[in-house]
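Bear in mind these aren't lab numbers, they're just calculated from the coordinates by the rules spelled out. Just so we're clear, the structure is a prediction, and the values are computed from it rather than from any experiment.
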Amino acid sequence: MGYLLENQETERILFRKINQSDFNDWLEFYINPITSKYWISEFENPEIECKKWYEKQFYRYHNNLGGMNALIEKQSGSFIGHCGLLIQNVDKITELEIGYSLLPKFWNKGFATEAAKKCKDFAFENNLSDSIISIISLTNKPSENVALKNGMKLDRITEYSNNKVNIFRIYKSEWKK
């Protein structure tokens, strides 16, 4: 299945596969302490965390588990962050998730919502799943707002990667392009 939005675009964003040359741009995400305030994890150092994150994405690519796309702002050519369709196992159920993480300087500009909507439309247009989730920390109100703007509703509260999370969901039958 083709979960990547390679060569897709929205009004302001180009989607492409991530590549190793994005590493230094994404490292800024791990250096900025504000980016980890919503997620509990054992943090080694920014370089190691960024390396682990990229290894995980390349593993996803090679094993058909979806993966994040690099988001590029059309107007400036700037690297914004990542968004993509991910195969996840939540409560022993395989789910399709829309995940998104942006560099802080691009927060509150509508980029996450624009990218997440494109992922939702792509998944439903290509019959990738009958429903899609987003896994969001209970304290991450900005990401929760993106899910709500993407037509998702709170499905349940659970634990995922040692974090209490909200699972937001939208069904294909509820989707209107």
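Relative contact order, whole percent, for the chain stands at 19, derived from Cα pairs under 8 Å and 6 or more residues apart. Inverting the mean 1/r over all pairs of different Cα atoms, compute the Kirkwood radius of region 40-112 and quote it in Å. Over region 40-112, the inverse of the mean reciprocal pair distance is 13.8 Å.
In this structure, the pairs whose alpha-carbon distance is over 28 Å, taken from 92/141; 117/141; 17/149; 105/172, are 105/172. Rg/Rh for the chain stands at 0.92; both radii use Cα atoms, and Rh follows the Kirkwood definition.
The alpha-carbon of residue 52 sits under 13 angstrom from the alpha-carbons of these aspartates and glutamates, leaving out residues fewer than 8 places away in its chain: 42, 44. As a ratio to 2.2 N^0.38 Å, the alpha-carbon radius of gyration for region 72-177 is 1.05.
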